[in-house]
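Note sheet for the following structure.
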Amino acid sequence: MDSQEVLRTRLAGQQLREPRASTAEEALRNLLAVQAQEFPYARWSLAQRTTGATAQDVERAVADGRILRTHILRPTWHFVHRDDLPWLRALSEPRLHQANAGTYRRTGIDDGAASRSADVLAEAVAGGFHLTRGQLADRLQTAGLPARGLALAYLIMHAEISGVLVSGTPVRSPGGALRQTYAAFDERVAGAAPAAVFSREESLAALVLRYFGSRGPATVRDCADWSGLTMTDVRKGLVLADEIAPGGIAAASFDGADFYFRPAGYGREAPRPGGGPGRVCEPGQVREPGRVREAGRVREAGQAREPGQAGDGRPQIDLVQCYDEYVMGYSASRHYFGGTAPAYPFGDNPMHVVLLDGVLAGSWRHSMVRRGSAAERCELDIRFSRPLGHAAGQVVEAVEAAVARYGEFLGMPTVRIPAGT
């Protein structure tokens with residue numbers, strides 16, 4: 001493979017190209033988990049991978065508990081589908097508590113404090129109550145626990161990691177923004193599809209299949225850093241995945257590293273522990289060294305192919321958040337997209353990422369123009385960091401299309417500022 005083939009395969013696997021998902025839930029099931037600390041932009045990360053999901057569609061799925069927002073994996077905020085959270089939380093819990101151990105000590109969260117806090121928080125949300133962080137802090141402080149600042153954040157995170165709390169139905173602040181609430185974990189996952197088998201080995205295999213199936217080509221290090229697991233665990237997952245889903249992951253070596261990805265023709269169904277390996281369109285297909293099977297034919301790896309353009313060959317602009325899985329899904333091989341995001345912006349520069357045919361080309365952000373508490377329009381600040389070259393006119397058209405799609409997502413008038421630059 002060359003760099004353009006890596007980009008093309010990643011864009012397609014992540015559904016930033018056709019065929020896209022029909023719903024935000026389907027997009028999430030493909031990706032397994034989507035980083036979501038900035039909720040307004042994280043909604044867009046899901047919706048832009050669909051055929052037309054809106055911000056309201058994503059918010060409704062979060063309110064209903066079909067999509068849950070919680071601390072998992074590295075740890076940081078992630079969207080996870082209700083069906084996947086029970087097994088993914090169980091798989092992640094030991095590593096998450098290990099990663100947080102230093103902060104637990106600094107904030108006085110020993111085993112006793114964590115246990116007492118869990119009891120208080122469980123009682124606070126029992127009976128279907130969905131409470132804000134401030135309301136949970138009041139309960140903890142009344143019980144004599146150090147529920148302020150970092151200690152409060154980590155007491156709540158400890159409860160999320162331990163399966164006590166998870167996201168509830170968001171509430172609107174006086175300014176119109178959605179605010180996170182917390183609910184009982186068991187209440188919110190009560191409608192999850194049951195898993196026939198729930199072992200660590202099955203979970204490792206499922207995670208590896210989903211990760212490399214959506215983000216490949218990627219390396220073992222990429223998967224380990226994304227998941228918070230060890231490289232040993234990822235390698236074990238690859239072996240287990242091959243046992244339960246033969247042909248589900250292919251391999252290729254290039255640029256001095258081993259890469260893994262879903263072969264063309266393998267089904268996009270989301271395997272879960274005990275839920276089966278997914279569909280194989282070509283049973284028994286075998287990947288030959290240095291070659292890739294694609295659409296019923298074999299081509300040499302690295303053979304020339306079109307980059308990450310639109311279906312008609314014109315340039316394509318993608319406005320992705322700086323924590324999008326196209327960026328954060330990789331560590332060792334993140335450089336293929338041509339940048340070092342996420343990075344703190346200098347001065348007044350936006351921090352989110354403009355992709356031109358899958359390659360970093362600039363930055364962007366949105367601003368809501370409000371009248372009272374209601375947003376009346378959205379303004380997009382889109383800046384390019386490199387010359388657009390001979391196709392500048394077509395790129396401008398692609399930008400206009402991206403702005404229009406963002407407006408459809410928000411359901412309000414959306415313009416680029418300064419207009420026409």
Practice problem: Would you calculate a helix-derived [θ] at 222 nm for the chain, using -39,500 (n - 2.57) for each DSSP H run of n ≥ 4 and dividing by the full residue count, to the nearest 500? | Solution: -12000 deg cm²/dmol
Quiz item: Based on the Cβ-Cβ distance from H97 to S253, what FRET efficiency comes out when R0 is 30 Å, to the nearest 0.05?
Solution: 0.25
Quiz item: What net charge is computed for the residues neighbouring D348, neighbours being all others with C-beta under 11 Å from the C-beta of D348, Lys and Arg scored +1, Asp and Glu -1?
Solution: +1
Exercise. Please give, to one decimal in nm, the separation of the simple spin-label points placed at A126 and E38, each 7 Å out from Cα toward the Cβ.
Key: 4.0 nm
Self-check item: Förster-model FRET efficiency, 25 Å R0, V369 and D348, C-beta, rounded to 0.05
Solution: 0.90
Quiz item: Expressed as a whole number of Å, what is the distance separating the alpha-carbon centroids of region 72-143 and region 349-382?
Solution: 33 Å
Quiz prompt | Residue-wise HN-Hα coupling along region 362-371, computed from phi with Karplus coefficients 6.51, -1.76, 1.60 (Hz; x: Gly, Pro) | solution = x, 9, 7, 7, 10, 9, 9, 8, 10, 10
Quiz prompt | Relative contact order of region 1-113, pairs being alpha-carbon contacts under 8 Å that are 6 or more residues apart, as % | solution = 22 percent
Self-check item: trypsin sites (Lys or Arg not before Pro) lying in DSSP loop within region 102-160, provided at most 13 other Cβ fall within 10 Å
Solution: R148
Practice problem: Give, rounded to the nearest 20 debye, the magnitude of the charge dipole that the chain has about its Cα centre when Lys and Arg contribute +1 at Cβ and Asp and Glu contribute -1 at Cβ. | Solution: 420 debye
Quiz prompt | Distance-filtered residues of region 1-31 - backbone nitrogen under 19 Å, label point 7 angstrom along A332 Cα→Cβ | solution = 1-3, 6-7, 10
Self-check item: Accessible-area ranking of H352, H366, largest first, probe 1.4 Å
Solution: H366, H352
Practice problem: Mind checking the per residue accessible area of the chain for me, 1.4 Å probe, whole number of Å²? | Solution: 42 Å²
Quiz item: Of the heavy-atom accessible surface of the chain (probe 1.4 angstrom), what whole percent is carbon and sulfur?
Solution: 52 percent
Self-check item: Model label zone, A153; criterion: amide N under 18 Å from point 7 Å along Cα-to-beta-carbon; scope region 95-109
Solution: 96-109
Quiz item: Can you give the accessible area of I317, probe radius 1.4 Å, in Å² rounded to 10?
Solution: 10 Å²
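The values are calculated or read from the model by the stated rules, or taken from the named source; none is laboratory data. What you see is a predicted model, and the numbers here were worked out from it, not measured in a lab. Virtual Cβ from ideal backbone geometry, glycine too; neighbours counted across all protein chains shown. Protein only, heavy atoms only, side chains kept; ligands, DNA and RNA dropped before computing areas. Shrake-Rupley method; radii C 1.70, N 1.55, O 1.52, S 1.80 Å.
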